[in-house]
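Notes to accompany the following structure.
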Amino acid sequence: MGQRLGCLLQDAKTRVQASLAKDDIRQPTSSGGRGGRQFRDHDELRYSLRSVLSNFRPYLGRYHLLTTDFAMPDTVENLTAPADYRLGQVPQWLDVDKRPWSDNHVQLSIKHHAQVFHPYDDNVFNSYAIESQFGHLDDISENFIYMNDDFFLLRRLTPRSFYTSAYGPVLRMQSDLLVAPTQYRNNVKGEWRSLASSNRLLSDRFGVRHRPYVTHEAKSASLPLLHEMSQIWEAQFAATATHPFRETRIALGNADPSVMYMLVHFTIERWREALLWSWAVAKHGTTTDRWSPEAMAAAWTELGGAPGEYGRLGVYAGRRGTVDPDRVSASLRASGHKQADGTVYDFSSLDGYPYINFSPSGGPKRNKWPRYTHDVDEKDLLQCSLDYDKCFVDAEHKPFTHASEVFKNIAFREAQCGDCITLALLKASGELGLEAFLPPSDRVVSFDAGGFAPEDIDPVAHLPLNDRWEDGEFALSDVLRGTKHANVRGWTLRLLERYRFVIGSTPGHFAMISGPSALNGMVAHLKKNPDVALLCVNDDITVDDDKVTALFKNWASDHWGTPAQWEQ
């Protein structure tokens with residue numbers, strides 16, 4: 001079966017490549033590529049599923065397995081099925097006679113690319129193209145865990161490691177490894193070309209900056225936010241979906257984005273955007289978007305300055321208790337998460353913005369998640385400075401007169417202004433909460449629909465869905481268009497709740513397997529580090545593939561030797 005599947009995959013790849021003109025930018029950079037290595041199977045998927053059953057079973061409802069499908073082979077005579085009938089791939093170890101598949105209360109369902117891609121032309125071999133269609137997933141939880149077939153759970157984990165109602169999704173990144181917002185040249189291969197393209201899209205929407213690398217581990221994902229991203233970058237994701245191969249001749253500046261990298265940073269940037277919009281527009285802006293001298297004076301005072309004494313203002317972080325371990329444990333227990341696991345919460349969105357002190361040249365000593373707890377030395381608390389002329393004066397050296405323009409300037413054009421304002425308002429809010437950011441509780445507004453039909457008014461709280469911040473209309477009357485007697489504070493709290501997150505640390509390991517010695521090295525590392533809970537086994541085997549397969553299966557079966565009930 002494995003050999004026949006490899007033939008179908010290779011035939012499909014050859015057919016798709018032959019259908020493209022020789023000068024088509026979607027052609028792979030090398031006709032050989034990785035050759036047969038990409039079709040080799042070491043039984044990773046079987047053991048990946050078993051590892052989750054073994055270490056996350058109490059919290060599982062359903063596995064959704066997304067796989068490819070194939071055109072009917074020419075050697076098969078099709079007399080009864082429609083002409084566009086396709087063969088859906090299923091794992092060779094799956095017992096098809098046991099459908100519907102389940103292992104006690106845990107169900108397994110299979111979806112194929114043809115059911116998710118809109119539109120679907122033919123086979124794709126490009127993981128970025130597949131991820132670009134995640135916004136079309138259905139019959140899936142709003143918050144789910146996304147895994148590739150080379151991801152494994154090595155220790156017992158709980159929802160604390162992925163998502164809780166108290167804190168939102170748990171995001172994992174490398175703070176000391178940053179992705180540039182500029183495009184790489186075409187001779188740069190692998191994921192970094194895609195990551196730079198992804199950060200370019202994020203920078204166009206949220207302001208230019210370097211952003212951390214997202215680790216190769218099981219990830220928490222939000223279906224509503226994937227839908228939102230699919231609206232913002234509809235054209236970009238649709239173009240990516242038409243690229244069947246990952247390494248292509250696509251021109252500089254058009255590398256395929258990584259949706260799962262973008263999702264992590266989209267969540268964080270939407271949160272920062274919502275905080276600053278709440279303060280500048282929802283709190284200090286009028287219903288006509290006016291930013292008055294009185295509003296400027298009040299805002300400056302909130303930031304720690306003296307009214308009318310505008311200039312440069314030093315800002316010093318205050319103490320916060322948000323991620324105090326005892327407080328986190330109590331909050332999780334109160335929300336029903338009583339069992340601890342190996343994940344530690346390093347930073348919460350309730351403490352503002354995590355990249356506030358990051359620098360491309362900072363390295364591991366400087367680029368760390370901000371900490372405001374009482375055990376941090378006073379000299380290590382963050383500091384920044386606000387320049388009135390940079391943050392609150394336009395290009396013609398005149399004070400801004402519209403709240404939405406103040407917001408755009410501090411949030412995107414002069415992003416360091418927004419970062420420092422966030423730090424100042426956190427201190428003004430005290431040890432807990434975000435009071436200094438929020439509009440008064442009694443502020444109620446009504447706005448005309450402005451020509452929009454009632455059914456076109458989105459009930460979900462969100463800010464503009466443009467892919468460039470310059471094109472967004474952020475005035476209160478634009479954002480809350482068509483609302484009647486809306487409590488601005490209540491609406492803003494719903495907006496913030498949509499993008500809550502924590503950044504967590506879970507012991508993990510990324511293993512690049514090129515041959516038997518590398519696999520043996522992985523096994524030795526895991527024996528020395530028994531706390532590792534999240535594992536990625538990334539193979540690019542160049543020697544002794546059969547030996548690697550045998551070694552891997554022996555190791556995996558020692559960990560997860562019990563077959564799932566849906567296996568043959």
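Taken together, the values in this text are just the output of simple stated rules run on the coordinates, not laboratory data. Treat the numbers as computed from the prediction; the structure is a model and nothing was measured. Cβ placement follows ideal geometry from the backbone for every residue including glycine, while neighbour counts extend to all protein chains displayed.
Brief remarks follow.
- Where no second cysteine Cβ lies under 4.7 Å, the cysteines concerned in the chain: 7, 536
- On Cα atoms only, tilt of 223-232 relative to the major axis of the chain in degrees: 70 degrees
- Rule-of-thumb Rg ratio for the range 252-403 [Cα; 2.2 N^0.38 Å; N residues]: 1.30
- Listed by chain and number, the lysines whose alpha-carbon sits under 29 Å from that of residue 98, ignoring those within fewer than 8 places in the same chain, are 111, 553.
- Gyration tensor analysis over the Cα atoms of the chain returns equivalent ellipsoid semi-axes of 45, 28, 23 Å (largest first, whole Å).
- At q = 0.12 Å⁻¹ the log10 of I(q)/I(0) for the range 266-502 amounts to -0.72, computed by Debye summation with a single uniform scatterer per C-alpha, solvent ignored.
- Inverse mean reciprocal Cα-Cα distance (Kirkwood Rh) of the range 401-443, Å: 11.4 Å
- Candidates per trypsin sites (Lys or Arg not before Pro) in the range 86-148, loop by DSSP, up to 14 other Cβ within 10 Å: none
- Distant alpha-carbon pairs in the range 409-507 (separation over 19 angstrom), percent: 57 percent
- Placing R0 at 35 angstrom, the Cβ-Cβ distance between residue 80 and residue 105 gives a FRET efficiency of 0.40 after rounding to 0.05.
- Between the range 414-429 and the range 351-390, the alpha-carbon center distance in angstrom: 11 Å
- Residue separation of residue 319 and residue 286 scaled by 0.36 nm, minus their Cα-Cα distance, works out to 8.7 nm of gained length.
- Fraction of antiparallel bridges per DSSP, the chain only, in percent to nearest 5: 70 percent
- Over all projection directions, the Cα-based convex hull of the range 190-250 averages an area of 5.2 nm².
- Helix axis angle, 545-559 relative to the chain longest principal axis, alpha carbon, degrees: 70 degrees
- Nearest-ten-degree value, helix 44-56 long axis tilted from longest Cα axis of the chain: 50 degrees
- Residue 543-residue 19 FRET efficiency (beta carbon distance; Förster radius 41 Å; 0.05 resolution): 0.75
- Averaging the Cα positions of each part gives two centres, and for the range 517-568 and the range 283-346 these lie 45 Å apart.
- Working note: Debye formula, equal point scatterers on the alpha-carbon atoms of the range 313-415, no solvent; log10 I(q)/I(0) at q = 0.11, 0.15, 0.21, 0.23 Å⁻¹ is -0.52, -0.82, -1.14, -1.24.
- For a label point 7 Å along the Cα-to-beta-carbon line of residue 59, residues of the range 325-354 with backbone N under 14 Å: 332-333, 335-345
- Here the residues 56, 162, ranked from fewest to most Cβ neighbours within 10 Å of their Cβ, fall in the order 56, 162.
- Modelled spin labels at residue 465 and residue 301, positioned 7 Å past Cα toward Cβ, are 4.0 nm from each other.
- Taking a straight line from the alpha carbon of residue 398, these aspartates and glutamates sit under 18 Å away, with near neighbours fewer than eight places off in the same chain left out: 289, 294, 309, 387, 389, 414.
- Chain lengthening between residue 93 and residue 494 when straightened (0.36 nm per residue, less Cα-Cα): 139.8 nm
- Value of Rg to Rh for the range 58-156, rounded to two decimals, is 0.99; Kirkwood radius and Rg both from alpha-carbon coordinates.
- Per DSSP, loop GluC sites (Glu not before Pro) in the range 465-514 with at most 13 further Cβ within 10 Å: 473
- Taking the convex hull of Cα positions in the range 466-568, its mean projected area over all directions (nm²): 13.8 nm²
- Extension gain for the segment residue 115 to residue 138, taken as residue separation times 0.36 nm less the Cα-Cα distance, is 7.3 nm to one decimal.
- Sparse-neighbourhood loop sites, GluC sites (Glu not before Pro) in the range 238-310 - DSSP loop, at most 12 other Cβ within 10 angstrom: 309
- Ordering 517, 286, 14 by Cα displacement along the dipole of the chain toward the positive end leaves 517 in first place; charges were set at the Cβ atoms of Lys, Arg (+1) and Asp, Glu (-1).
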